């Protein structure tokens, strides 16, 4: 027992950067490995590749984005794809995010003077037990997405804000904003609000904000011009506005809590959790006398108040969705993580050294319980791992069909993928169809752009695609498709008049459109 007590005391009292880094590295490793693909990652790397190589994809590819506001992250990822290819880029970027996210969390927790076991428990709860956000579904992970680069910059920015190194904090905030405007922009405002709150210095806070605005002004202008672009004439024929299409049809799980009753339970649960946590924080605010701790609590209460306000605004805006594009609920992820870490700080500072070993032992036991599921999943995924390639996820029948497509169709033939256009997002193995075949898929439900013209094209093509899949052969005149891919589902019988089956391997089939 004496040895165990010594080990627990050493782990809990040693707040060196390396202790934090190794612990976070292990926790985040379970979050991102073995390396695989998600739909967002397929989308980002296709867009990034096309950004640096104009001619690599034709006009009929499903991943398109005419905006320039994501130039920084597109250029970075696209250049890597040029040199390394898709799969190796995915591995390299995941490793980079693993190391940098671990470092960012380590610096932040060291600055908060957290006990390592409590810091690890808080982060493990966030990543594995609490869905990574109160609500809104836009969590933090090691996926190859712009937001995760921005969150790394944001954590470093907040760390240096706590150190009162405001120039360095601003530099990281600018980096985060160029990676992802909404993530970087919101948390920069939060950091400046922290400065104002802690120093009661409005003049200096405004100077910080002014310098930040000057540095990101080119990005703001670019975004503004993109939002003012004209929309195609055929938009007048749509039943819904583009704002409604983007929010209520494509992204209700992220930005439109009142779009339907199907997903409202998720939002209600998140709201209840926010109220409970905020109430607890208010209680602590009036029972803790330490001024520094009360400042931290004030900040977290303010963030929770924002999330409640965002829900109220969303309710008011549910007819027009004018504010939906601002993704008002995106801060719910980092707010939850910061809340858990601030609570870990309060436990660290207010339980005293007398109960150090007991506190560490209980925290490590709880950590073991939280990580038991992720560890089991990691081992199972490792045993069943087929490789990093998206194509490796295909079944044997699907792989034979893909080989047939490569050998017997032209590079400019266009495909409609039934598994990914019928209303859900579809598995990554089909979202990556264009990666491993080089053939355009024209439109996929998962791949939606934010520019008005791109969004209009997406909705038009999705609508016409559903007509075709529903058996309306007249829709063949509205779409440039040459083939329809089916997997694990039978084609609609109405298609018999305008298609012919040219290949079949088990449940994987290919229909050619006859015009």
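Screening segment 170-287 for helices (runs of 4 or more DSSP H) wholly inside it with 3 or more residues that are touching a helix residue (DSSP H, G or I) at 6+ places or on another chain (Cβ under 9 Å) and modelled with pLDDT of 85 or more returns the ranges 181-199, 202-227, 264-287. In this structure, does residue 483 turn out to be at pLDDT 85 or above and farther than 20 Å from residue 412 by Cβ? No; evaluated as a whole, the condition is false for this residue. In this entry, residue 441 is excluded by the filter for residues that are out of contact with any strand residue (DSSP E or B) (no Cβ under 9 Å at 6 or more places or on another chain) and at pLDDT 85 or above.
Which of the helices (runs of 4 or more DSSP H) contained wholly in segment 65-156 include at least 1 residues that are touching a helix residue (DSSP H, G or I) at 6+ places or on another chain (Cβ under 8 Å), surrounded by fewer than 23 Cβ atoms within 10 Å (Cβ to Cβ) and at negative phi? The qualifying helices (runs of 4 or more DSSP H) are 71-84, 86-112.
Condition (residue is outside the structural domain of residue 456 (by TED's automatic domain parsing) and surrounded by fewer than 18 Cβ atoms within 10 Å (Cβ to Cβ)) applied to segment 172-181: is it met by at least one residue? Checked segment 172-181: no residue is outside the structural domain of residue 456 (by TED's automatic domain parsing) and surrounded by fewer than 18 Cβ atoms within 10 Å (Cβ to Cβ).
Looking across segment 287-303 at every residue that is over 13 Å from residue 345 (Cα atoms) and under 27 Å from the mean Cα position of the chain (by Cα), the one that is surrounded by the fewest Cβ atoms within 10 Å (Cβ to Cβ) is identified as 302. Of the candidates 399, 330, 359, 345, the single residue that is assigned to a loop (DSSP other than H, G, I, E, B) and surrounded by 12 or more Cβ atoms within 10 Å (Cβ to Cβ) is 330. At least 1 residues being closer than 24 Å to residue 241 by Cα and within 27 Å of the chain's Cα centre (by Cα) is the threshold, and among the helices (runs of 4 or more DSSP H) wholly inside segment 415-505 those reaching it are 452-469.
The values are calculated or read from the model by the stated rules, or taken from the named source; none is laboratory data. Note that the structure is predicted; figures quoted are calculated from it, not measured. Note: ideal-geometry Cβ built from the backbone for every residue, glycine included; neighbour counts use all protein chains shown.
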